[in-house]
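See structure below.
The values are calculated or read from the model by the stated rules, or taken from the named source; none is laboratory data. Note that the structure is predicted; figures quoted are calculated from it, not measured. Don't worry about glycine lacking a Cβ; one is built from the backbone with ideal geometry, like all the others, and counts go over all protein chains shown.
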Amino acid sequence: MAAISTTFGSGGAGLTPNKSAGVPDLATALRDAADDFAALKQATIAAPALLAFTDPPAAAEMALLRTLVNELRATLIAQAAVVIKTTKA
């Protein structure tokens with residue numbers, strides 16, 4: 001996990017390879033950030049198209065709505081399990 005300080009890059013800190021100018025070095029910070037984005041991408045769902053329901057909704061429409069809500073809930077639970085590797089220090 002890369003803890004990226006608010007002064008990262010200031011005076012060249014962290015910008016040279018092999019941690020010779022501080023920890024984390026730029027490559028480590030970028031790799032950890034890329035891992036974070038990849039994990040979040042896996043946990044993100046595509047937004048469904050807007051649905052037009054009858055008024056009042058028919059039983060089939062209510063069943064579809066229940067399914068969508070349950071899928072959204074499952075996705076949010078999965079997102080909560082994502083481990084973020086980068087932090088602001």
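Checking every residue in the range 49-61 against the condition of being under 19 Å from VAL83 (Cβ atoms), touching a helix residue (DSSP H, G or I) at 6+ places or on another chain (Cβ under 7 Å) and modelled with pLDDT under 80 gives zero matches.
Residue pairs whose Cβ atoms lie under 8 Å apart, sitting 6 or more positions apart in sequence or on different chains, and linking a residue in the range 7-18 that is surrounded by 10 or more Cβ atoms within 10 Å (Cβ to Cβ) and among the hydrophobic types (A, V, I, L, M, F, W, C) to a partner that is in a helix (DSSP H, G or I) and modelled with pLDDT of 75 or more, are PHE8/ALA29; LEU15/LEU26. Considering ALA33, ALA43, ALA39, the condition of being under 18 Å from the mean Cα position of the chain (by Cα), surrounded by 14 or more Cβ atoms within 10 Å (Cβ to Cβ) and modelled with pLDDT of 80 or more is satisfied by ALA33 alone. Scanning the range 3-30 for residues that are modelled with pLDDT under 75 and in contact with an Asp or Glu (Cβ under 9 Å, 6 or more places away or on another chain) gives GLY14, THR16, PRO17, ASN18, LYS19.
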